1. Could you work out the relative contact order of the stretch B:12-153, using alpha carbon pairs under 8 angstrom and six or more residues apart, expressed as a whole percent?
2. Rounded to the nearest 20 Debye, what is the dipole magnitude of the protein assembly as shown about its Cα centre when Lys and Arg each give +1 and Asp and Glu each give -1 at the C-beta?
3. Accessible area, 1.4 Å probe, largest first: how do A:E322, A:E291 sort?
4. If you put a point 7 Å past Cα along the Cβ direction, how far is that point for B:V195 from the same point in each other copy, in nm, smallest first?
5. Which order do B:F278, B:F48 take when ranked by solvent-accessible area (1.4 Å probe, heavy atoms of all protein chains), largest first?
6. Need one number: buried accessible surface between chains B and A, 1.4 Å probe, both sides summed, DNA, RNA and ligands left out, in Å² to 100.
7. Out of all DSSP beta bridges in the protein assembly as shown, what portion is antiparallel? Express it as a percent rounded to 5.
8. Only four residue types carry charge here, +1 at the Cβ of Lys and Arg and -1 at the Cβ of Asp and Glu. Report the dipole size of chain A about the Cα centre in Debye, rounded to the nearest 20.
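The values are calculated or read from the model by the stated rules, or taken from the named source; none is laboratory data. On a predicted model such as this, the values are computed, not experimentally measured, just so you know. Neighbour counts run over all protein chains shown; Cβ positions are idealised from the backbone, glycine included. What goes into the accessible areas is simple: the full protein's heavy atoms, side chains included, and nothing from ligands, DNA or RNA. Shrake-Rupley method; radii C 1.70, N 1.55, O 1.52, S 1.80 Å.
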2 protein chains.
Amino acid sequence: MLEDKNPKRTSVSDLGEFGLIDHLTKYFDPIHESTIKGVGDDAAVLDFKGHKTVISTDLLVEGVHFDLSYTPLKHLGYKAVMVNISDIYAMNALATQITVSIAASNRFPLEALEELYAGIQLACKNYKVDLIGGDTTSSNKGLLISITAIGKATDNEITYRSGAQPNDLLVTSGDIGGAYMGLQILEREKEVFKVNPNNQPDLSPYSYIIERQLKPEARKDIPQLLKDLEVKPTSMIDISDGLSSEIIHICKNSKVGCNLFEDKIPLDPQVISTCEEFDLNSTTVALSGGEDYELLFTISQDDYPKIKANPHLTVIGHMTAEGEGIHLITRANTKIPITSMGWNSYSENNNETEKD
Amino acid sequence: MLEDKNPKRTSVSDLGEFGLIDHLTKYFDPIHESTIKGVGDDAAVLDFKGHKTVISTDLLVEGVHFDLSYTPLKHLGYKAVMVNISDIYAMNALATQITVSIAASNRFPLEALEELYAGIQLACKNYKVDLIGGDTTSSNKGLLISITAIGKATDNEITYRSGAQPNDLLVTSGDIGGAYMGLQILEREKEVFKVNPNNQPDLSPYSYIIERQLKPEARKDIPQLLKDLEVKPTSMIDISDGLSSEIIHICKNSKVGCNLFEDKIPLDPQVISTCEEFDLNSTTVALSGGEDYELLFTISQDDYPKIKANPHLTVIGHMTAEGEGIHLITRANTKIPITSMGWNSYSENNNETEKD
């Protein structure tokens, strides 16, 4: 493979702070009517005309949330936006604007930041989100990305974590555990690369799960789908930390219990085969893995006919009275309490996934 | 001085991420009607009912924006909020909510983060701002604070950098250069401390300028004052980078020129005496120093009688046609072009301030 050994490196300090912001944001054109003023003043000005404003913020730190040895900067920019707007969709709202702040050490030349912003721009384009402000600064070590996402919704649309009722159905979009297993593959290949840098791994059997890790897609389509189906979810959250943690959030906030059925958890075949390869329990991975950015929500049983057989949605359990607790109903029909770390298995055969 | 050599140190990891957020935010109670839902869901929900939403964001990095060897964490938390809400006031708007994200290395125990949040809380209380969300995470090195400030204003109130007209008066609140000279004192004392840690410096002659550096106050009062005086500023910006940089922003965005009068720049006596002590030109300090967080704005000459003799406001110049350029009119009545680095002095006696 021919590699350019001398890629272009322009020092960020040549541009200065204002020059850098101008340079990185010049191709971002606002498309929302609500964006009255974007980048270029002390603050951005938005007008949501009767809608409520929804705001969420996340911080991604190199070495904690991402590893640049296997994460292309463009993918990182894309993912950083997904992580944030996913929280807006989890309010059953529409993401409309973001602010992006970055702190980067002098290890990152202008071209690296351009790559990062190319990913941010692609995300903005695909998800119809306006970049309206931000801050760029230097750091002593590494790269840090702080994004605030802004969205809008009517009073009737907004869905909190707190509205689930006993007997409501628990529904997830997409499939679970892929991002975590993709990370396992990438971490393994990183170790192989350290030993033998000339090794060219065949990653094609893992393409789906690697994409789930490196280039996740937020479920913008789900709030729209639910609207089209005339389903008002009673509670909603995005799956960023793993199914068990999110179920506990809904149960705690809604003061309900939950029965989750192990055999209903949607798993991609690549997740199942890779779990076998790593000798990991796929249910543990789904419960504890995280970073899938699917939406988890509850609906009234009356709405079941509207979502039944929809390929994007899977009913995985139902809510119960608070006193009944939060349980996994296993394939063997035993009832195991779910904790935030997955579940308290009585079985010694249960492989624990490791999370930092 | 008796010092507790074993202050309490609780590891942040004992609490976990959600525990940490709950712990740090539990005393923050929303006071604004517009705060429908604050901390505790995927996103916050705000309702500005007919007002426009104003949003600004800033990132503060240890070693770049602050030095913890002389910055108490509580002051840092307070200042971080000031830096952000100042941008909202600079839109002639009212700051109503903030989100706060922090990345901290394991050098910072829980007690340190509590100190930081105590400062954030005091700022929220004094400025009537609701904390509505955020993120806490670990970093590999140092402390980083990312704040997004949200505010509201009517269409008529919002003031951009772009509305100044030739012949408008240029007005500043407060006095300029104090924060920069306070920093000089703190940096000098840090060097003295390195040589002789037992030295107890008498900083009382510098109390005002040190406070300007460590505990600045954003000018929330100015938008209200202008409303009371029935003055609608034509353009506005906050003085974060020094007077010259801000004047250039207004001129560039408004397509006008400016004459700034050296003898009108308001300077505190401590700034003048400390400049003499450091052999620095006080005008250079005011033009290039930064971090004063005063508001700089333009008004129509017709409004002059309304602000005349107001102790909070000083007319320091007037706007001209764009072609006339941006100049400092010195005490000696010579005309010197202003650049973003201060001004291009022809005089060799002009002491340049140093900025990183």
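1. On the way: 260 pairs, mean separation 55.3, N = 142.
That works out to 39 percent.
2. Working: 64 positive and 104 negative charges, 160 e Å.
The dipole of the protein assembly as shown has a size of about 780 debye.
3. Numbers: A:E322 110, A:E291 45 Å².
My answer, sorted largest first, is A:E322, A:E291.
4. Here the equivalent label points are 5.8 nm apart from this one.
5. Numbers: B:F278 55, B:F48 10 Å².
The most accessible residue leads, giving B:F278, B:F48.
6. On the way: alone 17750 and 17730 Å², together 31200 Å².
That pair hides around 4300 Å² of surface in total.
7. On the way: 96 of 122 bridges.
Restricted to the protein assembly as shown, the bridges split so that about 80 percent are antiparallel.
8. Working: 32 positive and 52 negative charges, 89 e Å.
Magnitude of the dipole: close to 420 debye.
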